[in-house]
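**Student:** I'd like to ask some things about the structure below.
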Amino acid sequence: MNELAGSCEVDPTPSGAATGSRVLHFQPDFRWQDVPVTAYKQAAGHWSGVARTVLVGDAGEQTAFHVRYFEVAPGGCTSREEHAHEHAVVVLRGRGQVLLGAAVHDLAFGDTVYVAPHNVHQFRNPTAEPFGFLCIVDSRRDRPVPI
């Protein structure tokens, strides 16, 4: 599989070496202490208002999965895309929507989404508050195809 930096891809070079088990302390502003917030993807016109925080998978861990927190600003959206790998999403903050195939589903705290391989999907925030979710994905995954 091709590995590239982005929302559903990963930079094959970890940003630091994991020193073993650790705790990432959650902050009231939906950030984690000492964990950087990064760009969702390279700038493009097919997404807007999305930030990404890699909680597991960017510090040299050898896990078969990565855990990331995405936050979509009011009016923002992720890429509308499809890919061969699957992923799971758990809503932690606000309300939003997910496009799965041709159907749009409303989402709120605790809702869980499974995105099957090659299923067109997009996360959207039509509200006035931030929409945040954990995304768990394979550490080795293919490049998304924008739709």
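Nothing in this text is a laboratory measurement; each read-out follows from the coordinates by a stated rule. Everything quoted here is computed from the prediction, not taken from an experiment. A quick note on method: Cβ atoms are made from the backbone with ideal geometry, for glycine too, and the neighbour counts reach across all protein chains shown.
**Student:** I'd like the full set of residues that are outside any loop (DSSP other than H, G, I, E, B) and crowded, with 19+ Cβ neighbours inside 10 Å, limited to region 125-147.
**Tutor:** PHE131, GLY132, PHE133, CYS135, VAL137
**Student:** Okay, moving on. Given the structure, is GLN97 without any contact (Cβ under 8 Å) to a residue 12 or more places away in the chain, in contact with a strand residue (DSSP E or B) (Cβ under 8 Å, 6 or more places away or on another chain) and not β-branched (Val, Ile, Thr)?
**Tutor:** Considered against the rule, which asks whether it is without any contact (Cβ under 8 Å) to a residue 12 or more places away in the chain, in contact with a strand residue (DSSP E or B) (Cβ under 8 Å, 6 or more places away or on another chain) and not β-branched (Val, Ile, Thr), GLN97 comes out as no.
**Student:** Out of (1) within 30 Å of GLY20 (Cβ to Cβ); (2) touching a His at 6+ places or on another chain (Cβ under 6 Å), what's the single condition that is false for GLY132?
**Tutor:** Single failed check for GLY132: (2).
**Student:** Then there's this: For ALA103, only one of the following conditions fails: (1) under 19 Å from LYS41 (Cα atoms); (2) without any contact (Cβ under 8 Å) to a residue 60 or more places away in the chain. What is its number?
**Tutor:** (1)
**Student:** Would you pick out the residues in region 106-121 that are closer than 21 Å to ALA44 by Cα and buried (at least 18 other Cβ atoms within 10 Å of the Cβ)? Before you say what the answer is, go through the steps one by one.
**Tutor:** Step one: list which residues in region 106-121 are closer than 21 Å to ALA44 by Cα, which gives 120-121.
Correct list: HIS121 only.
**Student:** Exactly one of (1) part of a strand (DSSP E or B); (2) over 25 Å from ARG143 (Cβ atoms) is unmet by GLY110. Its number?
**Tutor:** So the condition that GLY110 fails would be (1).
**Student:** Working only within region 43-77, note down all residues that are over 18 Å from HIS87 (Cβ atoms) and surrounded by fewer than 20 Cβ atoms within 10 Å (Cβ to Cβ).
**Tutor:** Correct list: ALA43, ALA44, GLY45, HIS46, SER48, GLY49, ALA59, GLY60, GLN62, ALA73, PRO74, GLY75.
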